[in-house]
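Here is the structure we will look at.
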Amino acid sequence: MVRVVFGVLGPTVAAVDGGGALALKGPRHRAVLARLIVARRRVVPVARLVEDLWVDPPPGAVGAVQTFVGALRRVLEPERPPRAPARLLVTDGPGYALRTGPDTVDAWRFETALASAAGLPAPKALATLEEALGWWRGPAYAEFADEDWSRGERARLAELRLQAVERRAEAHLALGRPADAVPDLDAHLTDHPWREDAWRLLALALYRQHRQGDALAVLRRAREVLVDQLGVDPGPHLRHLESAILTHSPTLDPRPAGAPQHNPAPPDIPPLPPRGARNRALTPNTPRPNNPPPPTTPPPTTADLWTRAAKAYNRTVAKGTRARLEHTVGLIRNLAVTGGEGLAEARHHRTAAITAAEEFADPELTARVIGAYDVPAIWTRADDPAAAEQIVTVAERTLAALPTGPHDTARCRLLATVALETRGATGPRGPEAAREAEALARRLDDPALLAFALNGRFMQSFTRAGLAPQRDAIGAELVELAARHGLVTYEVLGHLVRLQARAALADFTAADTHAATADRLAERHELPLVGVFTEWYGALRLSATGQPARAETACRAAAARLDGAGMPGLERGLLPLALLCLRLTHELPPDPDPRADWGPHRPWAEPFTLIAEGRHTEARTALRALPEPPHDLLYEAYSALEAEAALRLDDRTVLERARTRLRPAAAELAGAGSGLLTLGPVERYLTD
């Protein structure tokens, strides 16, 4: 039987193993094949294929998918008899799967090679990595770069390729060939200047060529790049390397062939003798202990402690009790700051816990369960609007049911929750709840409660444009309050709030400081989601300082990091919106992609897509139908987009409407208060 191999490290291709390429017909045929490869032998339902292939599926979309699959089967299995079941592209339940071998897809073989190289001696590791890197013909899934279904896999493979380049350099160094490592690392860092390990390897390679001055210059350049572009200081590995180079530390010298290359012991700590030689080292004159001490039990690891504590909890705390429910909410709260998967899981379990609390018919318990989830929030759009609405409904019902008496703390937490969960809404309830929560918290003189209430006030500080100074003051109070009382997550929140506000006011010196401080705190306290926001800020800064090409690269890198971050309210549509704003800011052709997933931003992008297609009458209709922008971090950005579209369509009515909205923000950069993107000075739009 003919063996078919597939390539996705570049444009999607299929070929007979050892033979020529197969004709895959049109782009949608290749899209179906690529989508099935992304699924890694799992079934992709037909309905999902339809959603992935079309933004607005035509009436015959399902039949079209079946046609594409039939054509692919004829190409991939030309010798299959009529009506015989397919062996490669199979029908399974509600969809299709590509049941190809693990060694037939270049991306899968690349992962296997990269993993195996880690355990090989340096010569074999180098050969393996060289061969694997040679399989790349361009970016992974190159022709599907803008498709949602490919984004996560493309970002993952791109990261693995960067790791492979750096491991190849390590192999060169291990073999005593530093000169061979330098050119590749130089090129690598030109495109990926945020890779600290690559800077480290380049400096070490130069030092081993007896180029100490060049090595130190590389480390200085790394510091400048990291501080200027990302607002972060170099990590400990770069700092230690600089110190070691200055002192000519012997730890930097090449190690003998076969010696371990990672985590060498400090030179002043002698290694233990080999296990078999330890007893031989005891000569006849060496006294042996008469009663050797009994073997000691090693101290438990962190994982052991967690397992033991969980077992003890399950034994001692009865299932279905109020105590177990309240303790669970505390665990959910901590889970929310551990990363993308933890945040998504926390959201799901939080609503379940609230539902369970109401079953006890105890308003005080329900208030504690709702109010215990005081997770700091920086983005002003809900990740799950339906869940947010449900939480607000229960919180309001609980507020009304709480008996009179000393329940101000519970009321404060419920009110702060209402303020947080009604973020971006236009009604009066959110601002009202925020004011009440803040007043109660200040009267109760509880720092943690006040921090929670200030977060709610921040979420409700978008009632109009031009409120960046007010948010800056909220952030400053959060930083001071949290630092004084050890509330680390709220200290980080305060710095992110100030980063956004200072960016809106074009004060990048201060914004850089807050970004760097937030990153340092996040690294120290294991808060991985903070880097999502500081990386987007780095892209914004590049745009605001006149570097559109680098800003676009940074936007795409930041968007890749969003995949799996567990924040759909932030992620969906952000990249195409940021690229549109970037091009408008720098007077480049907007070039909006009508097929892109614009998410909630589509109404403000629609006029530009219609203008690009020459449909000016429809563009004017779409422009005049724009709603009032949501009262959130993108209020000024949406208003500026409205003004720009109106200017291009010469629609004076809409221009006046946009000018009225933007006038209070005359001293700001439009959209920069989001910390993600900008459309340049608001004054420009007022003048136009």
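The values are calculated or read from the model by the stated rules, or taken from the named source; none is laboratory data. Here the structure is a predicted model, which means the values were calculated and not measured. Glycine gets a Cβ as well: all are built from the backbone with ideal geometry, and neighbour counts include every protein chain shown. The accessibility values were calculated without ligands, DNA or RNA, using every heavy atom of the protein model including side chains. Shrake-Rupley method; radii C 1.70, N 1.55, O 1.52, S 1.80 Å.
Heavy atoms of the protein chains alone define the surface here; on that basis the chain has 48 Å² accessible area per residue at 1.4 Å probe size.
Would you mind telling me the share, in percent, of accessible area of the range 71-153 contributed by carbon and sulfur at probe 1.4 angstrom?
Values: 2280 of 4140 Å².
Carbon and sulfur together cover 55 percent of it.
Measuring nothing but how far apart in sequence close Cα pairs (under 8 Å, 6+ apart) lie, relative to its length, the range 203-252 scores a relative contact order of 32 percent. Shape annotation for the range 497-631: C-alpha extents along the principal axes are 54, 31, 27 Å, from largest to smallest.
Return the FRET efficiency for the residue pair residue 135, residue 666: r is the Cβ-Cβ distance, R0 is 45 Å, and the value is rounded to the nearest 0.05. For residue 135 and residue 666, the calculated efficiency is 0.25. Maximal additional length on extending the residue 74-residue 192 stretch stands at 38.3 nm, based on 0.36 nm per residue less the C-alpha distance. Sorted on the mean count of surrounding Cβ atoms within 10 Å across their residues, most packed first, peptides 461-467, 412-418 read 412-418, 461-467. In this simple spin-label approximation, residue 648 and residue 87 carry label points 7 Å from Cα along the Cα→Cβ vector, and these lie 5.4 nm apart.
What FRET efficiency would be calculated for the residue pair residue 112, residue 352, taking the C-beta separation as r and a Förster radius of 60 Å, to the nearest 0.05? Before the final figure, lay out each step's value.
Working: r = 39 Å, r/R0 = 0.66.
The value I calculate is 0.95.
How much of the accessible area of the range 636-688, probe 1.4 Å, is carbon plus sulfur, in whole percent? Walk me through the intermediate numbers first.
On the way: 940 of 1870 Å².
Answer for the range 636-688 is 50 percent, counting heavy atoms of protein chains only.
Which of the peptides 205-213, 665-673 is most tightly packed, and how do the rest follow, going by the mean number of other Cβ atoms within 10 Å of each residue?
On the way: 205-213: 17.3, 665-673: 25.7.
Most protected by this proxy first, the peptides run 665-673, 205-213.
In this simple spin-label model, placing a label point 7 Å from the Cα along the Cα-to-Cβ direction at both residue 612 and residue 483 gives a separation of 4.4 nm.
Quick one: length gained pulling residue 404 to residue 251 fully straight, 0.36 nm per residue minus the C-alpha distance? Mind dumping the intermediate values first?
On the way: separation 153, 0.36 × 153 = 55.08 nm, distance 6.93 nm.
Net length gain for the segment: 48.1 nm.
Label-to-label distance for residue 426 and residue 523 is 4.4 nm, based on points extended 7 Å past Cα in the beta-carbon direction. Proximity of backbone amide H atoms, modeled 1.01 Å from N, is registered between residue 4 and 17 at under 5 Å, excluding neighbours fewer than 5 places apart on the same chain.
Take the Cβ-Cβ distance between residue 338 and residue 160 as r, set R0 to 22 Å, and report the resulting FRET efficiency rounded to the nearest 0.05. The calculated FRET efficiency here is 0.40.
If you take every residue apart from residue 485 with its C-beta less than 13 Å away from the C-beta of residue 485, what net charge results, scoring Lys and Arg +1 and Asp and Glu -1?
On the way: positive: 484; negative: 445, 446, 477, 480, 491.
So the surrounding residues net to -4.
Got a sec? Which residues in the range 419-445 would a label at residue 464 touch, if it sits 7 Å along Cα→Cβ and we count backbone N under 17 Å? Only 426-428, 431-432 fall inside the zone, counting backbone N under 17 Å. Each peptide among 573-584, 377-388 gets the average number of other Cβ atoms lying within 10 Å of its residues, and from highest to lowest they stand as 573-584, 377-388.
On full extension, the segment bounded by residue 120 and residue 390 gains 91.8 nm, given 0.36 nm per residue less the C-alpha separation. Taking a span of 27 Å or more along the helix axis (Cα atoms) and a mean Kyte-Doolittle hydropathy of at least -0.5 as the rule, the DSSP H helices of the chain that qualify are 340-358.
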